[in-house]
Amino acid sequence: MSLLQLRHLTTLHSLPFAPKLHHFHFHFSTRKSLRFSFSASASTTMAKQVLVPIANGTEPMEAVITIDVLRRSGADVTVASVEKELRIDACHGVKIVADALIAGCKDIVFDLIALPGGMPGATNLKDCSVLESVVKKQAADGRLYAAVCASPAVALGSWGLLKGLKATCYPSFMEQLSSCATAVESRVQQDGKVVTSRGPGTTMEFAVTLVEQLYGKDKAAEVSGPLVMRPNQGDEYTITELNPMEWKCSNIPQILVPIADGSEEMEAVMIIDILRRAKANVVVASVGDNLEILASRKVKLVADMLLEEAAKLSYDLIVLPGGLGGAQAFANSDKLVSLLKKQAESNKPYGAICASPALVLEPHGLLKGKKATAFPAMCDKLSDKSFIDNRVVVDGNLITSRGPGTSMEFALGIVEKFFGRPKALELAKVLIFRLFYKLGPGKCNGLNLY
């Protein structure tokens, strides 16, 4: 049973583990672009070839988490658009630029093909005849293929690739899945060369399972550590709150999410996606000269506007994703730092995750007198380390968190502060995010969501 609890605490509540610091490495791909990683030493094994197709209406969390985690393992991941253009409009206004068009991938031998979900993204994948042919050949050749959310039922099932196999999918597609597979309710289900999963809240587990299938258990453990995933599925989720205050907004929360080259794409996309699902007005602003940014694992994201334009508006919250390169770009942006300082001085909410609390907020005095957490390897840069072991910390108008594996809790914590607990519970259920709210010591509201 997983537990997400908003506590008003004055004592430390620690996690059972903290990921160890790994060495920094540069990785080059055949596309000759630079990737910077917190991950451990790359395997000497030849990189596995992976195809992740995307479409208009793809669920961006599922696509980006899958791509990011697999690239952390050393896999050479090709992101292919099934549309006529490289850029696709994913769900919730997230814009992703693919590496290639699917037509250019039809003659490549892949070790794995992994389909994200989302609607109508899954239908658009299913309707792509080139992709159908590629995946059917993958199955016929006995190579690994996978899908999450709606895609097991809508795509793989429709193509007849789940016959006689156990599979899972998003709950509302289970009836459709049962007509073409043995439907099970596992968070991640493997049967032979097929791996399926349920939704955004299970995608990181899904992606780590794919790493294990490609490279083995040791590599999967190496990759999962720095993600700051919970060590066991049943462990508690905790959001620790001190100095509670009401986060106010006039009507719809106006939220600024800056992104830059080197931003951690999983963290950025989970924050944007979940807050937009909650109906907040989220402005994604590029801290640079171009709307398109190259994130830390080479995912190309497109912002809504440049920071220069975004800075003209007023925000109820400014929240920073992490990623080493992105955090450094934020720290070096006088415009962004000025916005953050004005936000703090006005006692309006601001927040950061992963490297950004340590590299942006701390050096600019934005953690003074505040309890905070950060990416484990960065916590030695925080002047106050008394709450660093908490996955999410809220201290008055500040919210901080640790890394990709805590991003969903981080975003749901923001949802609760602006919209209330029922909205956070509702979203958690939709996301297939295991959630159990505890009202306080010994008091339980009995809501158990899967």
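The values are calculated or read from the model by the stated rules, or taken from the named source; none is laboratory data. Bear in mind the structure is a predicted one, so any value in this text is a computation, not a measurement. Here the Cβ positions follow ideal geometry from the backbone for every residue, glycine too, while neighbour counts run over all protein chains shown. Just so you know, the surface numbers come from the protein's heavy atoms only, side chains and all, with ligands and any DNA or RNA stripped out. Shrake-Rupley method; radii C 1.70, N 1.55, O 1.52, S 1.80 Å.
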Please give the number of the condition Ser346 fails out of (1) within 20 Å of Trp247 (Cα to Cα); (2) in contact (Cβ under 8 Å) with a residue 24 or more places away in the chain; (3) open to solvent by 40 Å² or more (accessible area, probe 1.4 Å). (2)
Filter region 57-72 down to residues that are touching a Gly at 6+ places or on another chain (Cβ under 6 Å) and of a type in the set (D, E, K, R) and give me whichever is farthest from Phe206 (Cα to Cα). Glu59
Would you check if Gly164 is open to solvent by 40 Å² or more (accessible area, probe 1.4 Å), out of contact with any Lys or Arg (no Cβ under 8 Å at 6 or more places or on another chain) and either on the phi > 0 side of the Ramachandran plot or in a loop (DSSP other than H, G, I, E, B) (or both)? yes
Counting only residues that are farther than 21 Å from Ala146 by Cβ and assigned to a loop (DSSP other than H, G, I, E, B), which one in region 224-241 is modelled with the lowest pLDDT? Gly234
Residue under evaluation Ile388, criteria (1) without any contact (Cβ under 8 Å) to a residue 24 or more places away in the chain; (2) in contact with a Pro (Cβ under 7 Å, 6 or more places away or on another chain), criterion not met: (2)
May I ask you to say which residue of Ile67, Ile96, Ile88 is at pLDDT 95 or above, open to solvent by less than 10 Å² (accessible area, probe 1.4 Å) and part of a helix (DSSP H, G or I)? Ile67
Looking at region 266-277 only, could you name the residues that are open to solvent by less than 10 Å² (accessible area, probe 1.4 Å), farther than 21 Å from Leu313 by Cα and touching a Leu at 6+ places or on another chain (Cβ under 8 Å)? Val269, Ile274
Would you call Ala355 in contact with a strand residue (DSSP E or B) (Cβ under 8 Å, 6 or more places away or on another chain) and open to solvent by less than 30 Å² (accessible area, probe 1.4 Å)? no
Of all residues in region 124-143, which are in a helix (DSSP H, G or I), out of contact with any Cys (no Cβ under 8 Å at 6 or more places or on another chain) and open to solvent by less than 40 Å² (accessible area, probe 1.4 Å)? Leu125, Leu131, Val135, Gln138, Ala139
If you take the residues of region 248-265 that are in a loop (DSSP other than H, G, I, E, B) and open to solvent by 10 Å² or more (accessible area, probe 1.4 Å), which of them is nearest to Ser401 (Cα to Cα)? Gly262
Could you give every pair whose Cβ atoms fall below 9 Å, whose first residue belongs to region 321-332 and is in contact (Cβ under 8 Å) with a residue 60 or more places away in the chain, and whose second residue is surrounded by fewer than 22 Cβ atoms within 10 Å (Cβ to Cβ) and of a type in the set (Val, Ile, Thr), counting only separations of at least 6 or pairs across chains? Phe330/Val337
Of the residues Thr400, Thr406, which is under 19 Å from Ile272 (Cα atoms), under 20 Å from the mean Cα position of the chain (by Cα) and part of a strand (DSSP E or B)? Thr400
Return the only residue of Ala268, Ala221, Ala207 being assigned to a helix (DSSP H, G or I) and without any contact (Cβ under 8 Å) to a residue 24 or more places away in the chain. Ala221
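Which of the helices (runs of 4 or more DSSP H) found entirely inside region 281-351 contain at least 3 residues meeting this: over 27 Å from Gly74 (Cβ atoms) and of a type in the set (A, V, I, L, M)?
Details: elements: 307-310, 324-331, 334-345.
It comes to 334-345.
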Exception for Asp107 within (1) assigned to a loop (DSSP other than H, G, I, E, B); (2) under 24 Å from Met408 (Cα atoms); (3) free of Cβ contacts under 8 Å to residues at least 40 places away in the same chain falls at (2)
Among (1) in contact with a Gly (Cβ under 8 Å, 6 or more places away or on another chain); (2) under 21 Å from Gly405 (Cβ atoms); (3) of a type in the set (A, V, I, L, M), Ala207 falls short only on (1)
Does Leu324 count as surrounded by fewer than 24 Cβ atoms within 10 Å (Cβ to Cβ) and touching a Phe, Trp or Tyr at 6+ places or on another chain (Cβ under 8 Å)? yes
Among Phe387, Phe418, Phe433, the single one that is at pLDDT 95 or above, assigned to a loop (DSSP other than H, G, I, E, B) and either buried (at least 22 other Cβ atoms within 10 Å of the Cβ) or over 20 Å from the mean Cα position of the chain (by Cα) (or both) is Phe387
